[in-house]
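Note sheet for the following structure.
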Amino acid sequence: MSAATDHTHSWSVRATLETNTDVVLLRIAGRLGSAGAAELRSALDAATSAGGRVHLDLSEVDYISSAGLAVLDAASQCLREAGGVLEVVRASEAVSMALRLAGTLGRATPQP
């Protein structure tokens with residue numbers, strides 16, 4: 001299954017969802033401000049609906065707001081409660097720093 005969302009404004013978000021038997025890969029590109037957080041939530045809802053393991057690629061996201069971080073945290077918690085896991089497998093430097101500062105990275109990925 002593959003789905004894509006594309007917008008033309010500078011704060012656009014594109015989401016691509018790929019599924020296989022073991023993992024759902026959700027690739028996000030763009031800027032995750034307040035409006036983008038709603039689009040991220042929709043994409044994560046689609047990715048997490050089956051439960052299991054969801055890999056999140058944020059390597060093409062150049063900005064994430066507190067609203068985007070809150071969406072990631074909520075999705076991670078919901079998936080954990082359903083017995084699944086949300087893993088940020090790739091992230092841009094800006095997003096990695098935001099995740100580290102917010103403490104979201106530790107909650108979005110399995111603890112060693």
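The values are calculated or read from the model by the stated rules, or taken from the named source; none is laboratory data. Small disclaimer: the values here were computed from a predicted structure and weren't measured. Neighbour counts are summed over all protein chains in view; Cβ atoms, including those assigned to glycine, are modelled from backbone coordinates with ideal geometry.
Pick from the stretch 41-100 the residues that are among the charged types (D, E, K, R) and touching a strand residue (DSSP E or B) at 6+ places or on another chain (Cβ under 9 Å): which of them is farthest from Thr21 (Cα to Cα)? So, considering only residues that are among the charged types (D, E, K, R) and touching a strand residue (DSSP E or B) at 6+ places or on another chain (Cβ under 9 Å), the one farthest from Thr21 (Cα to Cα) is Asp62. Only residues that are over 12 Å from the mean Cα position of the chain (by Cα) and touching a residue at least 24 places away in the same chain (Cβ under 8 Å) were counted across the stretch 47-66, and they come to 8.
Count of the stretch 28-84 residues, restricted to those that are at pLDDT 95 or above and among the polar types (S, T, N, Q), is 1.
Within the stretch 19-48, if we keep just the residues that are within 15 Å of Gly84 (Cα to Cα) and charged (D, E, K, R), the residue that is surrounded by the most Cβ atoms within 10 Å (Cβ to Cβ) turns out to be Asp45.
Within the stretch 1-27, the set of residues being of a type in the set (A, V, I, L, M, F, W, C) and at pLDDT 85 or above comprises Val13, Ala15, Leu17, Val23, Val24, Leu25, Leu26.
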